[in-house]
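Coordinate-derived values only; no laboratory data. Please read these numbers as outputs of a predicted model, since none were measured by experiment. Virtual Cβ from ideal backbone geometry, glycine too; neighbours counted across all protein chains shown.
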Ligand code: PLP
């Protein structure tokens, strides 16, 4: 094997949940015959109405004279102009903004936005000073753990917890008594709604974070992979927040196009230009086929309609199935907590004072044929000891109602034994 550089070393490692996925795939492969219930998936469900929309848009593109121009030619790094125009028009009319095409960058998936941002604004400055990529509330998206070429740049903060003991619910809040954004901060990133917790930061919390960052001209990247208007995977009322130092980042992955890799960054011109140059160096530009079909789906209003009428209700109902199943199966006298289901495609659980680690619990659940994701991989950049980090599980809302219900029964049985064992 050729010798690797520091960056090579860093980038060739599997980070966060990807490492666990390997274990899960091996478990599923080796466990032939065992009827595993797999509640680990991060891949969205293929909903028939959503697939049909993308098929229809593809057919329109195939029969249009535009086709050759879309797939047989290079384009600008910023993105396919008709798609950018549709985004500008949609966001201006929907949210009363004054965007021009200079405020938009199209990327191959939204993950790449965080990679560009983490390395353009985070890492060592030309004077050798470390600029941090600040995650204001941990846990957050595991993918942020691998985006920086400089591992020590990613820095996250432990949250405050609202706990409803009697009803077994909890909710994370940013801890503003700890959160520091200053001249050592390169950029701020968080997901809203949040993967894994399903938390939605309030408008006031978002504005406060943006206001803390503004005096230092720090860009705030709001990862809106689950936000309205598409895929609109918010189960609580929420409005996207825009502002001078806010970069609103969209993904079309949960709106049915994960395979096409399509992300959108909306923000001030100078930040967009930095990201665009990064993109030119990395991959020239995003594929144009996905952009051309998305221009049709968004321009016609069909995507936002399907998002609120099909995608959101589908996952919201799944969350209710989890809640109901847990309330029926879990012992009331144990300190288990479900995070408030405010959005995204996961349920997030916390087992207070769990007498083992989340990894050990994951192993025990595998023994009864249940696969969930141990929570500790969702705390990228969190330094210091915090027992909570090893007391959580992520449950995917992509399974059938029956699988979820049976899975929660198996979970309850194991958890009861685990707490009893001390
Ligand atoms: N951000 C969050 C919060 C996610 O959950 C995901 C994917 O699961 C991504 C970003 C990456 O999305 P994309 O497919 O647009 O790269």
> To the nearest Å, what is the center-to-center distance of the range 239-272 and the range 141-170, using C-alpha atoms only?
Replying inline: 21
>> Between 0 and 90 degrees, rounded to the nearest ten: what's the tilt of helix 111-120 against the longest Cα principal axis of the chain?
In response: 70
>> Can you give me the convex hull volume of the Cα atoms of the range 166-225, divided per residue and expressed in Å³?
In response: 102
>> Could you tell me the ratio Rg/Rh of the range 284-385? Both radii from Cα atoms, Rh via Kirkwood.
In response: 1.12
> Counting pairs of Cα atoms in the range 327-411, how many percent are more than 18 Å apart?
Replying inline: 44
>> Show me the ranking of peptides 71-77, 189-195 by mean Cβ neighbours inside 10 Å, starting with the highest.
In response: 189-195, 71-77
> Over the range 269-344, what per residue volume does the convex hull of the Cα atoms give, in whole Å³?
Replying inline: 183
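Cα convex hull of the range 215-316: mean projected area in nm², to one decimal?
On the way: hull surface 30.0 nm².
Directional mean of the projected Cα hull area for the range 215-316 stands at 7.5 nm².
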> If you take the Cα Rg of the range 235-282 and divide it by 2.2 N^0.38 Å, with N the number of residues, what do you get?
Replying inline: 1.38
>> Between helix 358-367 and the chain, what is the angle of the helix's C-alpha long axis to the longest principal axis, kept within 0 to 90° and rounded to the nearest 10?
In response: 70
>> To test your reading of the geometry: what angle, between 0 and 90 degrees and rounded to tens, separates the Cα axis of helix 48-62 from the longest principal axis of the chain?
In response: 20
> What length, rounded to one decimal in nm, is gained on full extension from residue 6 through to residue 208, with 0.36 nm per residue of separation minus their alpha-carbon distance?
Replying inline: 69.1 nm
> How far, in nm, would the chain grow between residue 402 and residue 305 when pulled straight, counting 0.36 nm per residue and subtracting the alpha carbon separation?
Replying inline: 32.1 nm
> Roughly what percent of Cα-Cα pairs across the chain reach past 29 Å?
Replying inline: 46
> How many percent of all Cα-Cα pairs in the range 120-279 sit more than 25 Å apart?
Replying inline: 29
> Quick one: what Rg and Dmax do you get for the range 32-155 from the alpha carbons, in Å?
Replying inline: 20.3, 59
> Can you give the Kirkwood hydrodynamic radius for the range 99-173, in Å, rounded to one decimal and based on Cα pairs?
Replying inline: 14.7
> How big is Rg to Rh over the range 52-121, alpha-carbon atoms, Rh as the Kirkwood inverse-mean-distance radius?
Replying inline: 1.03
> How far apart, in nm, are two points set 7 Å out from the Cα along the Cα-to-Cβ line at residue 316 and at residue 34?
Replying inline: 3.7
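For the chain, what is the percent of antiparallel DSSP beta bridges, rounded to the nearest 5?
Roughly 60 percent of the beta bridges in the chain run antiparallel, per DSSP.
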> Comparing 409, 254, 34, which has the greatest mean-square fluctuation in the GNM of the chain with Cα pairs linked when under 10 Å apart?
Replying inline: 34
> What FRET efficiency would be calculated for the residue pair residue 72, residue 161, taking the C-beta separation as r and a Förster radius of 45 Å, to the nearest 0.05?
Replying inline: 0.25
> Roughly speaking, what is the stretch gain from residue 13 to residue 216, that is 0.36 nm per residue apart minus the C-alpha to C-alpha distance, in nm to one decimal?
Replying inline: 69.8 nm
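Please pull out the direction-averaged projected area of the range 377-422, using the convex hull of its alpha-carbon atoms, in nm² to one decimal place.
4.5
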> So what is the relative contact order for the chain, in percent, with contacts set as C-alpha pairs under 8 Å and at least six apart?
Replying inline: 23
